[in-house]
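All remarks here apply to the structure that follows.
The values are calculated or read from the model by the stated rules, or taken from the named source; none is laboratory data. All figures in this text were calculated on a predicted structure; none of them were measured in a lab. Every residue, glycine among them, receives a Cβ derived from its backbone with ideal geometry; neighbour counts consider all protein chains shown. These area figures cover heavy atoms from the full protein model, side chains too; ligands, DNA and RNA do not enter into them. Shrake-Rupley method; radii C 1.70, N 1.55, O 1.52, S 1.80 Å.
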2 protein chains.
Amino acid sequence: MSESAERGGLAHRVPDLGALELLLAVARLGSLGRAARELGITQPAASSRIRSMERQLGVALVDRSPRGSRLTDAGALVTDWARRIVEAAEVFDVGAQALRDRRDSRLRVAASMTIAEYLLPGWLIALRTARPDTAVSLLAGNSTVVAERLLADEADLGFVEGPTVPAGLDAAVIAHDHVIVVTAPSHPWARRRKPLDAAELAATPLILREKGSGTRQVLEAALGTLARPLIELSSTTAVKSSALSGAGPAVLSELALGEELSARRLIRIPVEGVRLRRALRAVWPTGHRPTGPARDLLGLTRAPLA
Amino acid sequence: MSESAERGGLAHRVPDLGALELLLAVARLGSLGRAARELGITQPAASSRIRSMERQLGVALVDRSPRGSRLTDAGALVTDWARRIVEAAEVFDVGAQALRDRRDSRLRVAASMTIAEYLLPGWLIALRTARPDTAVSLLAGNSTVVAERLLADEADLGFVEGPTVPAGLDAAVIAHDHVIVVTAPSHPWARRRKPLDAAELAATPLILREKGSGTRQVLEAALGTLARPLIELSSTTAVKSSALSGAGPAVLSELALGEELSARRLIRIPVEGVRLRRALRAVWPTGHRPTGPARDLLGLTRAPLA
DNA sequence: CGGGGACATAAGCTGGGGTTATGAGTGAGA
DNA sequence: TCTCACTCATAACCCCAGCTTATGTCCCCG
């Protein structure tokens, strides 16, 4: 993330979550008072909070009138940025909630790191709207750990990544984790018209995760040869940062890239003739077809076998 | 966003930004004390803050030892979710900062709503690492407004979307806003093997923005006929929510979809034989080639003409 | 065996955000 | 025109989260 000398800290320049939620509520409901009521606080509290947020940002956010409150132009812009933060917070929330309720919950899920990080919270948000009262617990670990938990009846549903299904488990492919090649927009590859081929990819020094990591394995299996590292880094985030800084082409899981792709801060380079993907599977003990909440969750994860 | 009865409010279950930043610093630096120093607070403050975050989440996040602190397994998971929030906050920050410094700044940008919302903050984050001391101001408005500002020398660089370039301006296409068709994973289209064609798209009732909106215009221009609305909604977010809830296929700008696509909560349905995209252009007064910071920013926005 | 890290604990201050109580516009209807 | 019902703003007060300083404990290393 290129931590520049940035004195002050984000927290002092960005309103806190409560204020952002309040702003969204005002936008939706068109009135400070109504928004306050929805969040369970009083109207003066809401009024003061919005005001102090406007002071902090140095911009008027809402037009007050005796008939209600509407967003300013600037307010509309700010509200959309705020919504992104709140959505990220929702992901955090359901993830953390699942993590917390270890023991005593109704649906116990065991998942690989990648899935637990990027996919599960989204599914759980969806599950919550369908079955609001289901408490979920989450354990993250590798395939072996997931299998152990399922077989010991300490988990109801598991998720694993990779080519093999652990023994004793039935599985269904629910999606694929695409490993993709990206560069900064300034890189020459970003202007290519023809897709890369395997030979070219194998011949080019790339920004990679360390040897043995999931994405690296997928890449080398697909190439049928060892990859040539330009830099080797031990975290997905570090790889992303290097790529963003223009150090060179990087290989990353598509799941780790959110906004960077759609905002064109990183460009996806098409690759042809190489199967750069890894199956993501739901798993359960052989015979024990998922039922109840596990079945609901499984239904939500059904994606096309693209 | 399907506001369920969700009592309590996110803010009470999710640590505040300061705490999340602290957690990231601890993860990066491997020590509470060092992290504290980096954020400009004392070691006991950091210690207590992390502890209260652990209490709040009900999970141990860091392993303390007299030699330093390392993340727990759960801590690593939580840290990655936290990073998403902090990144969204950074986007908010640079956007808001640009919005605030209206008058007295060195680089004045005028941009269409879509670009100001989704693209500009990312570019400004990148610009900040290259030119940390450049103050940027941002005005959001439609093409006409952008053109006015540029011609009145009240802006140094503009960004507009749509097929035409306002008179008196030079332009360069920097990217394309792809309008795409998405459905929930449960929708039959999510399992199609063949791309949609124009006739099929025109014949199917779709979840759309209101008539006259940008994405709707692109869609109807591409189809050469009016679209058939299943539901008409007045905000991008509302369209997204409806699609997520499985109400039907929706048409949205790719820029508005972040995590939903990569996490497969919404599935992109390929469409063939239809040009569902709109040029995004940088613009400046004819003759006045951008120089200085404006030139730097323009350089950052260069993306392939995909 | 004495530093010097690293983290924990304790006591005290401060301020942001909450509350209640009240005032003051505006518009709609009797 | 008066009054009610709605909006938002202001004032006075309270509380607690989070900060600070000052100290204690543990462990490793020279």
ask   = Is it the case that region A:26-33 has a residue that's surrounded by 18 or more Cβ atoms within 10 Å (Cβ to Cβ) and closer than 28 Å to A:P121 by Cα?
value = yes
key: Cβ pairs under 8 Å, 6+ apart, first in region B:143-159 and in contact (Cβ under 8 Å) with a residue 12 or more places away in the chain and over 16 Å from B:A294 (Cβ atoms), second surrounded by fewer than 23 Cβ atoms within 10 Å (Cβ to Cβ) and of a type in the set (S, T, Y)   = B:S143/B:T164
task = Might you check whether a residue that is closer than 27 Å to B:G75 by Cα, of a type outside the set (F, W, Y) and at pLDDT 90 or above occurs anywhere in region A:128-136?
result = yes
query = Does A:R13 satisfy the condition of being surrounded by fewer than 18 Cβ atoms within 10 Å (Cβ to Cβ) and either outside the structural domain of A:E117 (by TED's automatic domain parsing) or away from DNA strand C (no atom under 12 Å from the Cβ) (or both)?
reply = no
query = Taking A:I50 and the conditions (1) free of Cβ contacts under 8 Å to residues at least 24 places away in the same chain; (2) β-branched (V, I, T); (3) within 13 Å of DNA strand C (Cβ to nearest atom), which numbered condition does it fall short on, given that it satisfies the others?
reply = (1)
message = For the condition away from chain B (no Cβ under 13 Å) and crowded, with 22+ Cβ neighbours inside 10 Å, what is the one hit in A:V283, A:V271?
response = A:V283
ask   = So which of A:L255, A:L201, A:L261 is assigned to a helix (DSSP H, G or I), touching a strand residue (DSSP E or B) at 6+ places or on another chain (Cβ under 8 Å) and surrounded by fewer than 21 Cβ atoms within 10 Å (Cβ to Cβ)?
value = A:L261
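Name every residue in region B:39-57 that is within 12 Å of DNA strand D (Cβ to nearest atom), within 13 Å of chain A (Cβ to nearest Cβ), in a helix (DSSP H, G or I) and among the aliphatic types (A, V, I, L, M), in order of residue number.
Filtering region B:39-57 down to residues within 12 Å of DNA strand D (Cβ to nearest atom) leaves B:39-56.
Among the residues that remain, those that are also within 13 Å of chain A (Cβ to nearest Cβ) are: B:39-41, B:45-46, B:49, B:53-56.
So of that shortlist, the ones also in a helix (DSSP H, G or I) come out as B:39, B:45-46, B:49, B:53-56.
Across region B:39-57, the qualifying residues are B:L39, B:A45, B:A46, B:M53.
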request  = Go through the residues of region A:70-90 one by one and say whether even a single one is more than 30 Å from A:L138 (Cα to Cα), over 31 Å from the mean Cα position of the chain (by Cα) and not small (G, A, S).
outcome  = yes
ask   = Is there a residue in region B:119-128 that is within 13 Å of another protein chain (Cβ to nearest Cβ), among the aromatic types (F, W, Y) and closer than 23 Å to B:V239 by Cβ?
value = no
query = Considering only region A:160-198, how many residues are in a loop (DSSP other than H, G, I, E, B), over 24 Å from B:A126 (Cα atoms) and open to solvent by 30 Å² or more (accessible area, probe 1.4 Å)?
reply = 9
message = Taking the condition of being at the interface with another protein chain (Cβ under 7 Å from one of its Cβ atoms) and out of contact with any Lys or Arg (no Cβ under 8 Å at 6 or more places or on another chain), how many residues in region A:84-98 meet it?
response = 6
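Which of the following residues is farther than 28 Å from A:A110 by Cα, open to solvent by less than 10 Å² (accessible area, probe 1.4 Å) and away from DNA strand D (no atom under 16 Å from the Cβ): B:A96, B:A36? Spell out the reasoning first.
Working: B:A36 fails: away from DNA strand D (no atom under 16 Å from the Cβ).
Testing whether each residue is farther than 28 Å from A:A110 by Cα, open to solvent by less than 10 Å² (accessible area, probe 1.4 Å) and away from DNA strand D (no atom under 16 Å from the Cβ) leaves just B:A96.
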query = Using beta carbons and a limit of 6 Å, which pairs, at least six apart or on different chains, have the first residue in region A:67-83 and free of Cβ contacts under 8 Å to residues at least 40 places away in the same chain and the second one within 16 Å of DNA strand C (Cβ to nearest atom) and part of a helix (DSSP H, G or I)?
reply = A:W81/B:F92
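Looking only at region B:80-88, decide whether some residue is open to solvent by 30 Å² or more (accessible area, probe 1.4 Å), away from DNA strand D (no atom under 16 Å from the Cβ) and among the acidic types (D, E). Steps first, answer last, please.
Let us first name the residues in region B:80-88 that are open to solvent by 30 Å² or more (accessible area, probe 1.4 Å), namely B:80, B:83-84, B:87.
Okay, now just the ones that are also away from DNA strand D (no atom under 16 Å from the Cβ), so B:80, B:83-84, B:87.
Those still in the list that are among the acidic types (D, E) too: B:80, B:87.
Taking every residue of region B:80-88 in turn, at least one turns out to be open to solvent by 30 Å² or more (accessible area, probe 1.4 Å), away from DNA strand D (no atom under 16 Å from the Cβ) and among the acidic types (D, E).
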ask   = Looking at (1) at pLDDT below 95; (2) near DNA strand D (Cβ under 10 Å from one of its atoms); (3) open to solvent by less than 50 Å² (accessible area, probe 1.4 Å), which is the one condition that is false for B:A19?
value = (1)
query = Considering A:A82, A:A76, which residue is within 16 Å of DNA strand C (Cβ to nearest atom) and under 24 Å from B:T114 (Cα atoms)?
reply = A:A82
key: In region A:220-248, the residues that are under 25 Å from B:E260 (Cα atoms) and touching a residue at least 40 places away in the same chain (Cβ under 8 Å)   = A:T237, A:S241, A:A243, A:L244
request  = Return only the number of the condition from (1) at pLDDT 95 or above; (2) not in a loop (DSSP other than H, G, I, E, B) that A:R64 does not satisfy.
outcome  = (1)
note = Among the residues of region A:99-111, the number that are more than 10 Å from every other protein chain (Cβ to nearest Cβ) and either open to solvent by 10 Å² or more (accessible area, probe 1.4 Å) or acidic (D, E) (or both) is 5
inquiry  = Being among the hydrophobic types (A, V, I, L, M, F, W, C), more than 10 Å from chain B (Cβ to nearest Cβ) and touching a helix residue (DSSP H, G or I) at 6+ places or on another chain (Cβ under 6 Å) is true for just one of A:L23, A:L17. Which residue is that?
reply    = A:L23
remark   = Only one of B:A82, B:A76, B:A96, B:A36 is of a type outside the set (F, W, Y) and not assigned by TED's automatic domain parsing to the domain that holds B:R13, namely B:A96
Single unsatisfied condition, A:A238 versus (1) more than 9 Å from every other protein chain (Cβ to nearest Cβ); (2) in contact with a Lys or Arg (Cβ under 8 Å, 6 or more places away or on another chain) = (2)
query = Taking region B:264-306, which residues are part of a loop (DSSP other than H, G, I, E, B), of a type in the set (A, V, I, L, M, F, W, C) and touching a strand residue (DSSP E or B) at 6+ places or on another chain (Cβ under 6 Å)?
reply = B:L266, B:L276, B:A303
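Within region B:39-57, track down each residue that is open to solvent by less than 50 Å² (accessible area, probe 1.4 Å) and either among the aliphatic types (A, V, I, L, M) or closer than 28 Å to A:E87 by Cβ (or both). Full working, then the answer.
First, the residues of region B:39-57 that are open to solvent by less than 50 Å² (accessible area, probe 1.4 Å): B:45-47, B:50, B:52-54, B:57.
Across region B:39-57, the qualifying residues are B:A45, B:A46, B:I50, B:S52, B:M53, B:E54, B:L57.
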request  = Among the numbered conditions (1) at the interface with chain A (Cβ under 8 Å from one of its Cβ atoms); (2) away from DNA strand D (no atom under 16 Å from the Cβ); (3) open to solvent by less than 70 Å² (accessible area, probe 1.4 Å), tell me where B:D73 comes up short.
outcome  = (3)
request  = Could you please find all residues in region B:58-70 being open to solvent by 40 Å² or more (accessible area, probe 1.4 Å) and within 16 Å of DNA strand D (Cβ to nearest atom)?
outcome  = B:G58, B:D63, B:R64, B:S65, B:P66, B:R67, B:R70
query = Conditions: (1) near DNA strand C (Cβ under 7 Å from one of its atoms); (2) in contact with a Gly (Cβ under 9 Å, 6 or more places away or on another chain). A:L39 meets all but one. Number of the miss?
reply = (1)
